[in-house]
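Novice: Take a look at this one; I'll ask things after.
The values are calculated or read from the model by the stated rules, or taken from the named source; none is laboratory data. Since the structure is predicted, the reported quantities are computational estimates derived from the model, not experimental observations. Ideal geometry is used to build each Cβ from the backbone, glycine not excepted, and the neighbour counts take in all protein chains shown. For accessibility, only protein heavy atoms count, side chains too; no ligands or nucleic acids. Shrake-Rupley method; radii C 1.70, N 1.55, O 1.52, S 1.80 Å.
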Amino acid sequence: MLEKMGDRLDPDVVIEEFEALSRDAGRVQKETLKKILEENGETEYLMKWGLNGKTDPISFKSCVPLVTHADLEPYIQRIAHGENSSILTGKPITTISLTSGTSQGKPKFVPFNDELLENTMQIYKTSFSFRNREFPIGNGKALQFIYGSRQFKTKGGLAAGTATTNVYSDKKFKTTMRAMQTSCCSPDEVIFSTNCEESLYCHLLCGLIFQDQVQVVSSTFAHGIVHAFRTFEGKWEDLVNDVRRGELCSWIKTPSLRTAMSKLLNPNPGLANIIYNKCMGLSNWYGVIQELFPNTKYIYGIMTGSMEPYLKKLRHYAGDLPLLSADYGASEGWIGANVNPELPPELAKFAVLPNIGYFEFIPLKEDLIVEPQPIELTEVNIGEEYEIIVTNFAGLYRYRLGDVVKVKGFHNSTPELQFICRRNLLLTVNIDKNTEKDLQLAVKAAANLLEEEKLEVVDFTSGIDSSTEPAHYVIYWEISGEASEELLKECCNCLDKSFLDPGYVSSRKVKTIGALELRILKKGTFHKILDHFVELGAAVSQFKTPRCVGTKNQTLLQILRHNVVKNYFSSAF
């Protein structure tokens with residue numbers, strides 16, 4: 001356990017613990033692998049590969065193969081169906097995490113246990129300690145836009161919910177937040193409400209009630225904060241009236257929410273007037289977070305990867321407040337902490353905690369025909385890109401996470417990683433290879449053209465239309481208002497020209513890939529997509545807009561197709 005000063009975390013002690021771990025990362029990695037294999041060596045899965053009690057890295061890597069989720073899914077399904085034998089872990093798995101489902105169209109089951117929860121708390125405490133050294137906070141509250149999903153029981157009676165729900169529902173989460181002096185403004189009834197729209201409204205109202213105590217505004221992902229304040233733009237007058245009257249507005253129907261909020265609300269016309277005047281004084285909502293919550297020190301959430309497109313809008317809402325990127329992990333487990341909080345999100349890098357799992361790295365070089373063997377944590381080179389392989393305490397062994405990372409440096413002997421993209425190709429028709437990052441750059445270039453008409457891209461996704469010959473890229477945009485025909489045609493051409501992959505450019509020139517199509521969506525389409533994933537069991541705070549929609553995801557394709565209002569074909573080639 002990390003040392004505390006009474007009920008408060010001692011950041012100096014936490015930092016010293018991390019420094020000790022990172023100074024000898026190679027040794028810690030070997031010890032971590034040994035511990036994982038000692039605890040789980042008698043499991044069906046590891047026995048199958050003939051480790052026979054060996055716990056060293058060489059034996060482990062020579063016996064146990066690299067796997068994807070598809071390889072482990074039969075084992076995980078047996079656990080979910082109630083088999084209590086040691087299938088993947090020595091100790092029984094009692095909880096299942098669901099991934100967001102935005103990558104493949106449906107959530108995946110992943111084992112969750114106490115060790116993963118402890119890893120989560122260690123990551124939280126480590127990054128907080130470095131953050132607090134640069135941006136110290138007093139004893140206040142956090143306006144956290146966090147949401148639990150609907151939990152359910154698997155066929156075998158195991159509790160199942162999103163990874164974030166499994167964390168938020170554990171008492172250790174609250175204890176850790178109190179120790180970090182950032183208790184959530186909102187009561188549990190708001191966090192775990194099944195009505196996401198009502199829950200978001202109540203989060204905002206709780207923030208306003210405690211507005212002078214709020215020191216941090218956060219969500220799991222940057223999208224969650226942007227979504228919250230886009231909602232605030234349309235609901236602020238209702239919120240002000242609730243504060244003024246000390247009574248929750250009538251459209252909130254959930255009894256548990258009404259009861260919980262009634263305990264916090266008292267008539268406060270003075271505060272209502274302050275909020276009203278501040279909102280009226282804003283220009284296009286610039287700096288609204290800073291104005292409403294004057295003691296806020298920073299905005300916090302995962303801001304890398306698929307969250308980067310939201311940074312421009314988030315900075316607009318934040319005003320002069322710094323944006324601090326949260327840590328690096330996935331539903332399958334954590335990898336690294338942000339120990340350089342002063343860096344802007346675009347440059348964020350994450351120091352690997354060598355005791356929370358055993359990590360390997362596959363070098364990624366385009367000129368290699370045969371995939372190279374994975375290398376150790378301390379063998380990576382600065383400036384090179386790798387696919388990350390995870391072995392953890394919850395039954396994942398040599399698991400291909402699918403993330404591409406670049407090594408930006410070292411903190412003592414542990415590498416600092418920058419997330420680049422998901423490895424699986426995003427857009428491809430034949431020889432073209434465009435990743436999520438390529439898509440982001442193309443959308444950013446074209447979206448800049450909208451500024452001349454004071455418009456912005458609310459959100460976007462993409463796909464391949466194979467119904468035409470040849471097939472072509474489709475980019476879906478939801479924009480903030482009506483743009484002229486000429487401007488949208490120009491945006492469409494800009495998108496096409498901004499995909500710089502040589503395979504794409506050459507294919508477009510010889511017409512083996514058709515003209516890029518830009519489809520404009522009705523306002524609110526991406527909110528419908530969010531609602532769809534919530535219905536599947538995802539939590540709002542864990543939602544990530546799918547950046548490429550494949551043919552397997554027919555429901556999502558239907559939502560997109562039914563909401564197209566205009567379309568344009570590129571004439572760039």
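Novice: Counting only residues 5 or more places away or on other chains, whose amide H sits under 5 Å from the amide H of Thr162 once H atoms are built in the peptide plane?
Specialist: Residues meeting the criterion, in which the H sits 1.01 Å from N, are Leu98, Ser149.
Novice: Treat every Asp and Glu Cβ in the chain as -1 and every Lys and Arg Cβ as +1, leave all other atoms uncharged, and give the resulting dipole magnitude about the Cα centre to the nearest 20 debye.
Specialist: On the way: 63 positive and 70 negative charges, 201 e Å.
Using Cβ point charges on Lys, Arg, Asp and Glu, the chain gives about 960 debye.
Novice: Please name whichever of Leu556, Pro354, Ala179 sits farthest to the positive end of the charge dipole of the chain, dipole taken about the Cα centre and charges placed at Cβ: Lys and Arg +1, Asp and Glu -1.
Specialist: Positive-most Cα among the choices belongs to Leu556.
Novice: So, by mean Cβ neighbours within 10 angstrom, what's the order for 450-456, 206-212, 257-263 with the highest one leading?
Specialist: Details: 450-456: 13.9, 206-212: 21.1, 257-263: 16.3.
So the order, starting with the most tightly packed, is 206-212, 257-263, 450-456.
Novice: If I measure Cβ to Cβ between cysteines in the chain, which ones have no partner under 4.7 Å?
Specialist: Lone cysteines by the Cβ rule: Cys63, Cys184, Cys196, Cys202, Cys249, Cys279, Cys421, Cys491, Cys492, Cys494, Cys548.
Novice: Now, a different point. Using the structure shown, select from Lys433/Lys509; Lys235/Lys552; Lys54/Lys108; Lys433/Lys544; Lys30/Lys349; Lys34/Lys365 the pairs with a Cα to Cα distance greater than 26 angstrom.
Specialist: Values: Lys433/Lys509 16 Å; Lys235/Lys552 37 Å; Lys54/Lys108 31 Å; Lys433/Lys544 22 Å; Lys30/Lys349 24 Å; Lys34/Lys365 31 Å.
Distance filter (> 26 Å) returns Lys235/Lys552; Lys54/Lys108; Lys34/Lys365.
Novice: In debye, nearest 20, what is the charge dipole magnitude of the stretch 30-94 about its Cα centre with +1 on Lys and Arg Cβ and -1 on Asp and Glu Cβ, if you could check?
Specialist: Numbers: 8 positive and 9 negative charges, 35 e Å.
Approximately 160 debye in magnitude.
Novice: Under 16 Å Cα to Cα from Lys566, which lysines show up? Leave out anything in the same chain fewer than 8 places away.
Specialist: Candidates past the 8-residue exclusion: Lys489, Lys522, Lys523.
Novice: Roughly how compact is the stretch 325-377, stated as its Cα Rg over 2.2 N^0.38 Å to two decimals?
Specialist: Details: Rg = 13.9 Å, N = 53, 2.2 N^0.38 = 9.9 Å.
Normalised by 2.2 N^0.38 Å, the Cα Rg of the stretch 325-377 equals 1.39.
Novice: Further question on the same structure: Using only Cα positions of the stretch 163-296, each an equal point scatterer, no hydration layer, compute I(q)/I(0) via Debye at q = 0.14, 0.19 Å⁻¹ and quote the log10 values to two decimals.
Specialist: Log10 of I(q)/I(0), two decimals: -0.64, -1.22.
Novice: Work out the FRET efficiency for Glu482 and Arg230 from their Cβ-Cβ distance, taking R0 = 22 Å, and round it to the nearest 0.05.
Specialist: Values: r = 18 Å, r/R0 = 0.82.
Working from the Cβ atoms, E equals 0.75.
Novice: How much of the DSSP bridge set in the chain is antiparallel, in percent, rounded to the nearest 5? Could the numbers behind the result be given before it?
Specialist: On the way: 50 of 74 bridges.
Of those bridges, close to 70 percent are antiparallel.
Novice: Suppose R0 equals 60 Å. What FRET efficiency, 1/(1 + (r/R0)^6) with r the Cβ-Cβ distance, do Leu441 and Thr94 give to the nearest 0.05?
Specialist: Details: r = 44 Å, r/R0 = 0.73.
Efficiency at R0 = 60 Å is approximately 0.85.
Novice: So for the pair Ala70, Glu469, with labels modelled 7 Å out along Cα→Cβ, what separation do we get in nm?
Specialist: Reported label-point gap for Ala70 and Glu469 is 2.9 nm.
Novice: Something else about it: Can you tell me the length gained on complete extension of the stretch Asn84 to Arg8, counting 0.36 nm per residue apart and subtracting the Cα distance?
Specialist: On the way: separation 76, 0.36 × 76 = 27.36 nm, distance 3.89 nm.
The span from Asn84 to Arg8 would gain 23.5 nm if fully extended.
Novice: Given 0.36 nm per residue, what is the gain on full extension from Glu342 to Glu535 after removing their alpha carbon distance, in nm? Numbers along the way, then the final one.
Specialist: Numbers: separation 193, 0.36 × 193 = 69.48 nm, distance 3.76 nm.
The Glu342-Glu535 span can extend by a further 65.7 nm.
Novice: Next up: Once you put a point 7 Å from the Cα of Ser250 and another 7 Å from the Cα of Glu452, both along the Cβ direction, what distance in nm separates them?
Specialist: 4.9
Novice: Please compute the modelled spin-label separation between Lys509 and Glu371, points set 7 Å along Cα→Cβ, answer in nm with one decimal.
Specialist: 3.3
Novice: What full-extension length gain, to one decimal in nm, is calculated for Lys433 and Lys155 as 0.36 nm per residue of separation minus the Cα-Cα distance? It would help to have the intermediate numbers written out before the result.
Specialist: On the way: separation 278, 0.36 × 278 = 100.08 nm, distance 4.06 nm.
The span from Lys433 to Lys155 would gain 96.0 nm if fully extended.
Novice: How many percent of the accessible area of the chain is carbon or sulfur, using a 1.4 Å probe? All intermediate terms of the calculation are to be shown ahead of the outcome.
Specialist: Numbers: 12040 of 23900 Å².
The nonpolar share, carbon plus sulfur, comes to 50 percent.
Novice: Averaged over every viewing direction, what's the projected area of the C-alpha convex hull for the stretch 44-133? Give it in nm², one decimal, please. Can you show the working numbers first?
Specialist: Details: hull surface 32.8 nm².
So the mean shadow area of the Cα hull is 8.2 nm².
Novice: For the stretch 402-472, what size does the Cα cloud have along each of its three principal axes, sorted from largest down, in whole Å?
Specialist: On the principal axes, the stretch 402-472 reaches 52, 36, 16 Å in Cα extent.
Novice: Kirkwood Rh over Cα pairs of the stretch 391-527 into Stokes-Einstein at 4 °C, 1.567 mPa s: D in µm²/s? Numbers along the way, then the final one.
Specialist: Working: Rh = 17.1 Å.
For these conditions, the coefficient is 76 µm²/s.
Novice: Something else now. Note the listed values [x] 29.2, 102; [y] 30.5, 114; [z] 24.2, 71, then indicate which one is Rg and Dmax of the Cα atoms in Å calculated from this particular structure.
Specialist: The value matching this structure is [z].
Novice: If only Cα atoms are counted, what is the Rg of the stretch 279-428, and what is its Dmax, in Å?
Specialist: 18.1, 62
Novice: Given charges of +1 on the Cβ of Lys and Arg and -1 on the Cβ of Asp and Glu, with all other atoms neutral, how large is the dipole of the stretch 190-271 about its Cα centre, in debye to the nearest 20?
Specialist: 160
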